[in-house]
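Engineer: Could you have a look at this structure, given as structure tokens, before my questions?
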Amino acid sequence: ASAASGCGSMAAVTAAEASEQHEALEDALPDSVTAFFDLVDAHVAGGVEHQFAAQQLLRLVPVLDLADGVGANAATALLEKVLGAAPDAGSYALGGDETWERAVVAA
């Protein structure tokens, strides 16, 4: 019985930690899907120095609610903007070191 209660206590601690982490994530992220994509866009616009942050934020897209038109439109607008952007000086086509191409593929 002692071992079972110890496992139960451990499960309760783990659940409490997960809840705290979830709350911290909720507090750190923008309140709306549109604001989330604005944040991603700001990191994309920051160039290669902000690429990692943009990539990490994009990993959260599958858990966003894109069912409403507003969220879907925000996602579509960012995607169109990024894909339609002209290559920067890091592009191989412009004599660069392929950083632009690698950033597009990595995103």
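Engineer: What number of residues within the stretch 40-55 are open to solvent by 60 Å² or more (accessible area, probe 1.4 Å) and modelled with pLDDT of 90 or more?
Structural biologist: 1
Engineer: Within the stretch 1-39, track down each residue that is in contact with a helix residue (DSSP H, G or I) (Cβ under 7 Å, 6 or more places away or on another chain) and either farther than 23 Å from A67 by Cβ or at pLDDT 85 or above (or both).
Structural biologist: First, the residues of the stretch 1-39 that are in contact with a helix residue (DSSP H, G or I) (Cβ under 7 Å, 6 or more places away or on another chain): 29-30, 33-34, 37, 39.
Of everything in the stretch 1-39, those that are in contact with a helix residue (DSSP H, G or I) (Cβ under 7 Å, 6 or more places away or on another chain) and either farther than 23 Å from A67 by Cβ or at pLDDT 85 or above (or both) turn out to be P30, V33, T34, F37, L39.
Engineer: Being modelled with pLDDT of 85 or more and either out of contact with any Cys (no Cβ under 7 Å at 6 or more places or on another chain) or not in a loop (DSSP other than H, G, I, E, B) (or both): is that true of A86 here? Can you show your working first?
Structural biologist: Details: modelled with pLDDT of 85 or more: no; either out of contact with any Cys (no Cβ under 7 Å at 6 or more places or on another chain) or not in a loop (DSSP other than H, G, I, E, B) (or both): yes.
Criteria not met by A86.
Engineer: Within the stretch 56-69, can you find the residues that are over 20 Å from T99 (Cα atoms) and surrounded by 12 or more Cβ atoms within 10 Å (Cβ to Cβ)?
Structural biologist: Once the filter is applied, which keeps residues that are over 20 Å from T99 (Cα atoms) and surrounded by 12 or more Cβ atoms within 10 Å (Cβ to Cβ), the stretch 56-69 yields L60, V61, L64, L66.
Engineer: Suppose we keep only residues that are small (G, A, S) and open to solvent by less than 60 Å² (accessible area, probe 1.4 Å) within the stretch 25-39. Which one would you say is nearest to A85 (Cα to Cα)?
Structural biologist: Filtering the stretch 25-39 for residues small (G, A, S) gives 28, 32, 35.
Restricting the remaining residues to those that are open to solvent by less than 60 Å² (accessible area, probe 1.4 Å) gives 32, 35.
Working: S32: 25, A35: 21 Å.
By that ranking, first place goes to A35.
The values are calculated or read from the model by the stated rules, or taken from the named source; none is laboratory data. Note that the structure is a prediction, hence the values are computed from the model and not measured. Note: ideal-geometry Cβ built from the backbone for every residue, glycine included; neighbour counts use all protein chains shown. When the accessible area is computed, the model is the full protein with side chains, heavy atoms only, and any ligands, DNA or RNA have been set aside. Shrake-Rupley method; radii C 1.70, N 1.55, O 1.52, S 1.80 Å.
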